[in-house]
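Trainee: Just passing along the structure, written as structure tokens.
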Amino acid sequence: MNKHQIEYANQTIEFEIERKKVKNVNLNIKPDMTIMVSASEKVPLNFIYDFVKSKGAWILKKVKTFESVQPYKQSEREYVSGESYKYLGKQYRLRVEITTEEERVKYYRGFIILMVRDSNNYARKATLMNDWFREKALKIFEKSLDKQYPLVQKYGIKRPKIDLRVMKARWGSALIDSNTILLNFELIKAPKHCIDYVVLHELIHFQFNDHKDSFYNMLFSLMPDWEKRKAILDDEIVREL
């Protein structure tokens, strides 16, 4: 299925188009807030875009309703010494240290060290850890893009931007219209070679925005072991989420 987006009321609405034998253009929003549009091959793309935009107010209202009933997942983290964190495919122990200087997080000799002034300030510890992982994710994902982009550059694909988002059902998403690859923030838990697979997967979508034979033929030619990398993501990393 093809992924698309429109702008409505200063918000981006992402949706997927499924081409099948139907008489009308149908729009459906799933409980996970995925927006699906089904239409026959005869319906022009600009008509579908206009149709989705005409439903913009209803879509945003419906999405907001689903957001309000999403189960709240209480964090089990306490940010105390001894907690285990997965980072680039390996487990690391957290060490909390009191400091009178700058509060920060660093990696040192197999430990993730959280340096704070007040070890009882849960919110501050959570912010520092989240910011550190986000900073690391952006750097590592950009390096992966540096490595994978030359493989597809010869096909005339323009280098996209990288952005992060917490996603429940996918590791990445190629936003063709804005030339952006959205990557799941949780992907930082995966080994680098698995991150490379996700980045290349999304890059190929700028050439083939579907999962038909042409997409997989290109993926196999550029990364013959992609199935092994995907299996690690599905079998090992998903269990950590």
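The values are calculated or read from the model by the stated rules, or taken from the named source; none is laboratory data. This one's a predicted model, so the numbers in the text were calculated from it and none came from an experiment. Note: ideal-geometry Cβ built from the backbone for every residue, glycine included; neighbour counts use all protein chains shown. Protein only, heavy atoms only, side chains kept; ligands, DNA and RNA dropped before computing areas. Shrake-Rupley method; radii C 1.70, N 1.55, O 1.52, S 1.80 Å.
Trainee: For the stretch 131-198, list the strands (runs of 3 or more DSSP E) that sit wholly inside it and hold at least 3 residues that are in contact with a strand residue (DSSP E or B) (Cβ under 7 Å, 6 or more places away or on another chain) and surrounded by 16 or more Cβ atoms within 10 Å (Cβ to Cβ); which are they?
Mentor: Working: elements: 161-165, 172-175, 180-184.
Answer list for the stretch 131-198: 172-175, 180-184.
Trainee: Could you say whether any residue in the stretch 72-83 is of a type outside the set (D, E, K, R), within 26 Å of Val198 (Cβ to Cβ) and modelled with pLDDT under 90?
Mentor: As a first pass, look at the stretch 72-83 and keep what is of a type outside the set (D, E, K, R): 72, 74-75, 79-82.
Next, from what is left, pick out any that are within 26 Å of Val198 (Cβ to Cβ): 75.
Filter again for modelled with pLDDT under 90, leaving 75.
Yes: the stretch 72-83 contains one or more residues that are of a type outside the set (D, E, K, R), within 26 Å of Val198 (Cβ to Cβ) and modelled with pLDDT under 90.
Trainee: Since Arg165 meets every condition but one in (1) closer than 20 Å to Gly89 by Cβ; (2) touching a Leu at 6+ places or on another chain (Cβ under 9 Å), which condition does it not meet?
Mentor: Unmet for Arg165, out of (1) closer than 20 Å to Gly89 by Cβ; (2) touching a Leu at 6+ places or on another chain (Cβ under 9 Å): (1).
Trainee: Given the conditions (1) modelled with pLDDT of 90 or more; (2) loosely packed, with under 15 Cβ neighbours inside 10 Å; (3) among the β-branched types (Val, Ile, Thr); (4) part of a strand (DSSP E or B), and given that Thr12 satisfies all but one, which numbered condition is not satisfied?
Mentor: Failing condition for Thr12: (1).
Trainee: Please specify each residue of the stretch 94-116 satisfying the condition of being open to solvent by less than 90 Å² (accessible area, probe 1.4 Å), closer than 21 Å to Lys189 by Cβ and not in a loop (DSSP other than H, G, I, E, B). Lay out the reasoning, then the answer.
Mentor: In the first step, residues of the stretch 94-116 are kept if they are open to solvent by less than 90 Å² (accessible area, probe 1.4 Å); the result is 94-97, 99, 103, 105-106, 110-116.
Right, trim to closer than 21 Å to Lys189 by Cβ and you get 94-96, 105-106, 110-114.
Listed by number, the residues that qualify are Leu94, Arg95, Val96, Val105, Lys106, Phe111, Ile112, Ile113, Leu114.
Trainee: What's the number of the only condition in (1) open to solvent by less than 40 Å² (accessible area, probe 1.4 Å); (2) of a type outside the set (Val, Ile, Thr); (3) modelled with pLDDT of 95 or more that Leu233 fails to meet?
Mentor: (3)
Trainee: Turning to a different aspect of this structure: Working carefully through the options Lys3, Lys64, Lys21, find the one that is modelled with pLDDT under 90, charged (D, E, K, R) and part of a loop (DSSP other than H, G, I, E, B). Working first, answer last.
Mentor: Working: Lys3 fails: part of a loop (DSSP other than H, G, I, E, B); Lys64 fails: part of a loop (DSSP other than H, G, I, E, B).
Testing whether each residue is modelled with pLDDT under 90, charged (D, E, K, R) and part of a loop (DSSP other than H, G, I, E, B) leaves just Lys21.
Trainee: Which one of these is modelled with pLDDT under 95 and out of contact with any helix residue (DSSP H, G or I) (no Cβ under 8 Å at 6 or more places or on another chain): Asp146, Asp163?
Mentor: On the way: Asp146 fails: modelled with pLDDT under 95.
Going through Asp146, Asp163 in turn, just one is modelled with pLDDT under 95 and out of contact with any helix residue (DSSP H, G or I) (no Cβ under 8 Å at 6 or more places or on another chain): Asp163.
Trainee: Taking into account only those residues within the stretch 21-48 that are in contact with a helix residue (DSSP H, G or I) (Cβ under 8 Å, 6 or more places away or on another chain) and surrounded by 12 or more Cβ atoms within 10 Å (Cβ to Cβ), which is nearest to Lys64 (Cα to Cα)?
Mentor: Out of the qualifying residues, it is Met33.
Trainee: Answer yes or no: is there a residue in the stretch 182-199 that is among the hydroxyl-bearing types (Ser, Thr, Tyr) and over 25 Å from Glu135 (Cα atoms). Quick ask: steps written out before the conclusion?
Mentor: The initial filter retains those residues of the stretch 182-199 that are among the hydroxyl-bearing types (Ser, Thr, Tyr), namely 197.
Of the ones still in play, those that are also over 25 Å from Glu135 (Cα atoms) are none.
Looking through the stretch 182-199, none of the residues is among the hydroxyl-bearing types (Ser, Thr, Tyr) and over 25 Å from Glu135 (Cα atoms).
Trainee: Starting from the stretch 120-132, take each residue that is within 14 Å of Val80 (Cα to Cα) and list its partners that are of a type in the set (S, T, N, Q) and crowded, with 16+ Cβ neighbours inside 10 Å, counting only C-beta distances under 7 angstrom and pairs at least six apart or across chains.
Mentor: Pairs found: none.
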